[in-house]
Amino acid sequence: MHTVVDISDIHRTYHTGGSPVHAVRGVSLRIPRGDFVAVMGASGSGKSTLMNILGCLDRPDAGTYLLDGEDVSGLGRDERAAIRNEKLGFVFQGFNLLARTSARDNVELPLLYSRRSVSRREARARAEHALHTVGLADRADHFPNQLSGGQQQRVAIARALVTGPELILADEPTGNLDTRTSIEIMSLFQSLNDAGATIAMVTHELDIAAYTRRTVVMRDGRIVGDSPVATRLDAAVELARHADEERQAALSA
Ligand code: ADP
Ligand code: MG
């Protein structure tokens, strides 16, 4: 099977303060295409440092990183920016949408920064297709402040998808959302994954990790657990159950 991520024995030490901080100390990880990985672990265990390296925002001090078969461990800033645009899609806890910009224009943005030039017309068509994929075709002209948190996160997911990335990276994508909306977002990730998308996401919550296929646990800069999710939850089923419970509660009130 095609391997999207293949990192071996990577290290990353920060030298910003007094004594060096060994944030990642010898991590190896392979992510095959079509996988859906939850990265878990206590605060300070190195999750964000690992995600920054996977996302080519930062590079390891030692070790190798093959992304989609290409060695990206030694690339400079500009080359990493190009790789990010071509191969990666990012989803953040705080959505990170441009405020005075419509959903459509937010989603178009990565295409306008792309090295492969895309006409304005094609960018628009692709943005609208991505919004359709996340169920927001009818909100293309809305600004972020006219959308709920869950809708804003779906716009951000459309923006991550629009370039057709090899890997989607999400750092606590449900961290700002209530339970029901979180399950809706996990339902969207599950359908993208079922359609072939490869996803790695950081989460603190076990019940969110239960919607993925695999859990990787970090501690003190190392991977201390890596196992398939034994009883994977189906977000669509959980949403239906949620709705039933609310109807029952309304009836008995
Ligand atoms: P997590 O995301 O699991 O909370 P991080 O990767 O953010 O963990 O942090 C791992 C360790 O590296 C922590 O001890 C943190 O304080 C330290 N760290 C993270 N980023 C920096 C930085 N830019 N400069 C110095 N230390 C950092
Ligand atoms: Mg973090």
Go through segment 187-201 and report how many residues are outside any strand (DSSP E or B), open to solvent by less than 10 Å² (accessible area, probe 1.4 Å) and among the hydrophobic types (A, V, I, L, M, F, W, C). 1
Looking at segment 165-186 only, could you name the residues that are closer than 17 Å to GLY135 by Cα and either open to solvent by 30 Å² or more (accessible area, probe 1.4 Å) or modelled with pLDDT under 95 (or both)? ARG180, GLU184
With the checklist (1) within 15 Å of ligand 2 (Cβ to nearest atom); (2) within 17 Å of the chain's Cα centre (by Cα); (3) among the small types (Gly, Ala, Ser) in hand, flag the one item GLY221 doesn't pass. (2)
Determine if segment 64-83 includes at least one residue that is surrounded by 22 or more Cβ atoms within 10 Å (Cβ to Cβ), touching a residue at least 12 places away in the same chain (Cβ under 8 Å), in contact with a helix residue (DSSP H, G or I) (Cβ under 9 Å, 6 or more places away or on another chain) and farther than 19 Å from ALA156 by Cβ. yes
Among the listed residues LEU111, LEU66, LEU98, which satisfies the condition of being assigned to a strand (DSSP E or B) and more than 16 Å from ligand 2 (Cβ to nearest atom)? LEU66
For ASN176, indicate whether it is of a type outside the set (Lys, Arg), over 24 Å from LYS87 (Cα atoms) and within 16 Å of ligand 2 (Cβ to nearest atom). yes
Being among the basic types (Lys, Arg) and either in contact with a Pro (Cβ under 9 Å, 6 or more places away or on another chain) or assigned to a helix (DSSP H, G or I) (or both): is that true of ARG232 here? no
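Restrict the check to segment 85-106 and report whether at least one residue is over 30 Å from HIS142 (Cβ atoms) and at pLDDT 95 or above. Spell out how you get there, then give the answer.
Taking segment 85-106 first, the residues over 30 Å from HIS142 (Cβ atoms) are none.
No.
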Could you please let me know if ARG126 is assigned to a loop (DSSP other than H, G, I, E, B), open to solvent by 60 Å² or more (accessible area, probe 1.4 Å), away from ligand 1 (no atom under 16 Å from the Cβ) and under 26 Å from LEU57 (Cα atoms)? no
From the list ASP220, ASP244, ASP226, which one is out of contact with any Leu (no Cβ under 9 Å at 6 or more places or on another chain), at pLDDT 95 or above and open to solvent by 60 Å² or more (accessible area, probe 1.4 Å)? ASP220
Among the residues of segment 134-150 satisfying the criterion of being in a helix (DSSP H, G or I) and free of Cβ contacts under 8 Å to residues at least 40 places away in the same chain, which is surrounded by the fewest Cβ atoms within 10 Å (Cβ to Cβ)? ASP138
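So that you can scan it fast, the table gives a plain yes or no per residue for (1) under 20 Å from GLN93 (Cα atoms); (2) modelled with pLDDT of 95 or more; (3) of a type in the set (Val, Ile, Thr):
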| position | (1), (2), (3) |
| --- | --- |
| ARG120 | no, no, no |
| ARG124 | no, yes, no |
| GLY135 | yes, yes, no |
| ASP138 | no, yes, no |
| PHE143 | yes, yes, no |
| GLN152 | yes, yes, no |
Taking HIS204 as meeting all but one of (1) outside any helix (DSSP H, G or I); (2) open to solvent by less than 50 Å² (accessible area, probe 1.4 Å), write down the number of the exception. (2)
Those residues of segment 1-60 which are within 7 Å of ligand 1 (Cβ to nearest atom), in a strand (DSSP E or B) and open to solvent by less than 40 Å² (accessible area, probe 1.4 Å), in sequence order: ALA23, GLY41
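The values are calculated or read from the model by the stated rules, or taken from the named source; none is laboratory data. What you see is a predicted model, and the numbers here were worked out from it, not measured in a lab. Reconstructed Cβ throughout: ideal geometry from the backbone, glycine too, with neighbour counts over all protein chains shown. Calculation scope for accessible area: heavy atoms of the full protein, side chains included, ligands and nucleic acids excluded. Shrake-Rupley method; radii C 1.70, N 1.55, O 1.52, S 1.80 Å.
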